[in-house]
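Beneath this line is the structure, given in structure tokens, with notes to follow.
The values are calculated or read from the model by the stated rules, or taken from the named source; none is laboratory data. Because the structure is predicted, anything quoted here is derived from the model rather than measured. Don't worry about glycine lacking a Cβ; one is built from the backbone with ideal geometry, like all the others, and counts go over all protein chains shown.
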Amino acid sequence: MTEFILKELDVADETNYKELVPAAIKSGKQLVLRTPIDINLAKELNILSLDLGLPAEQILIDTDIGGLGYGLEYGYSMIEKVKLSGDKYLRFPIVSFAVEETLKTKEAKVDACYALFAEIAAASAVAAAGADVVVMNDKKAQEVMERVWQS
């Protein structure tokens, strides 16, 4: 079941994972491993982080995603590919920041109503694709998603 959260998460990528993995191990907190939209890069960063000693239960995968249009569509298919791959190095929960990307659009910046509906639409799409955690921006949008998703 998808979880919709408002909290911040530590995010590691290929430039900083060597510093953040030891900190995550020490703290016991989950670490988001973010890669560009590429299944092989996601797998590689997961393997490198596991090799540094990061426990599997602390890994969340973020394959990155666009907020609208082709970027959202391609990100959706990437989430599906990861979920369906069956690869042991990709069997980790997926977190999506699609909402964050959606809210960067000029339309969302000038119209609060549009921003709210765009956030709900983006969250719905990535949840339907199989994201385990969707990071939300607006409490109202989060409440809508939780009500709809639980029914």
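With 126, 135 as the choices, which residue is touching a residue at least 60 places away in the same chain (Cβ under 8 Å) and touching an Asp or Glu at 6+ places or on another chain (Cβ under 7 Å)?
Details: 126 fails: touching an Asp or Glu at 6+ places or on another chain (Cβ under 7 Å).
One residue alone meets the criteria, 135.
Exactly one of these conditions fails for residue 87: (1) at pLDDT below 90; (2) closer than 22 Å to residue 17 by Cα. Give me its number.
The failed condition is (1).
Can you say whether residue 66 is farther than 19 Å from residue 10 by Cα and in contact (Cβ under 8 Å) with a residue 12 or more places away in the chain, as far as the supplied structure shows?
When the stated conditions are applied, residue 66 passes them.
Going by the structure shown, is residue 85 on the phi < 0 side of the Ramachandran plot and in contact (Cβ under 8 Å) with a residue 40 or more places away in the chain? Even if it seems obvious, please write down each step before you answer.
On the way: on the phi < 0 side of the Ramachandran plot: yes; in contact (Cβ under 8 Å) with a residue 40 or more places away in the chain: yes.
Judged against the criteria, residue 85 is a match.
With the structure loaded, tell me whether residue 71 is assigned to a helix (DSSP H, G or I), among the small types (Gly, Ala, Ser) and within 12 Å of the chain's Cα centre (by Cα) or whether it fails that test.
no
Given the condition closer than 22 Å to residue 36 by Cα, without any contact (Cβ under 8 Å) to a residue 40 or more places away in the chain and not in a helix (DSSP H, G or I), answer yes or no: does some residue in segment 105-123 qualify?
Looking through segment 105-123, at least one residue is closer than 22 Å to residue 36 by Cα, without any contact (Cβ under 8 Å) to a residue 40 or more places away in the chain and not in a helix (DSSP H, G or I).
Please verify whether residue 118 is in contact with a Phe, Trp or Tyr (Cβ under 7 Å, 6 or more places away or on another chain) and not polar (S, T, N, Q), treating the condition exactly as stated.
In short, no.
If you check residue 8 against the conditions, is it surrounded by fewer than 15 Cβ atoms within 10 Å (Cβ to Cβ), touching a residue at least 24 places away in the same chain (Cβ under 8 Å), acidic (Asp, Glu) and in a loop (DSSP other than H, G, I, E, B)?
Taking the combined requirement at face value, the residue does not satisfy it.
For residue 110, are the conditions met, namely being among the β-branched types (Val, Ile, Thr) and surrounded by 16 or more Cβ atoms within 10 Å (Cβ to Cβ)?
On the way: among the β-branched types (Val, Ile, Thr): yes; surrounded by 16 or more Cβ atoms within 10 Å (Cβ to Cβ): no.
It is false that residue 110 is among the β-branched types (Val, Ile, Thr) and surrounded by 16 or more Cβ atoms within 10 Å (Cβ to Cβ).
Yes/no per residue for (1) surrounded by 12 or more Cβ atoms within 10 Å (Cβ to Cβ); (2) touching a residue at least 60 places away in the same chain (Cβ under 8 Å); (3) outside any helix (DSSP H, G or I):
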site: 20; (1), (2), (3): yes, no, no
site: 23; (1), (2), (3): yes, no, no
site: 26; (1), (2), (3): no, no, no
site: 32; (1), (2), (3): yes, yes, yes
site: 37; (1), (2), (3): yes, no, yes
site: 42; (1), (2), (3): yes, no, no
site: 45; (1), (2), (3): yes, no, no
site: 48; (1), (2), (3): yes, no, no
site: 54; (1), (2), (3): yes, no, yes
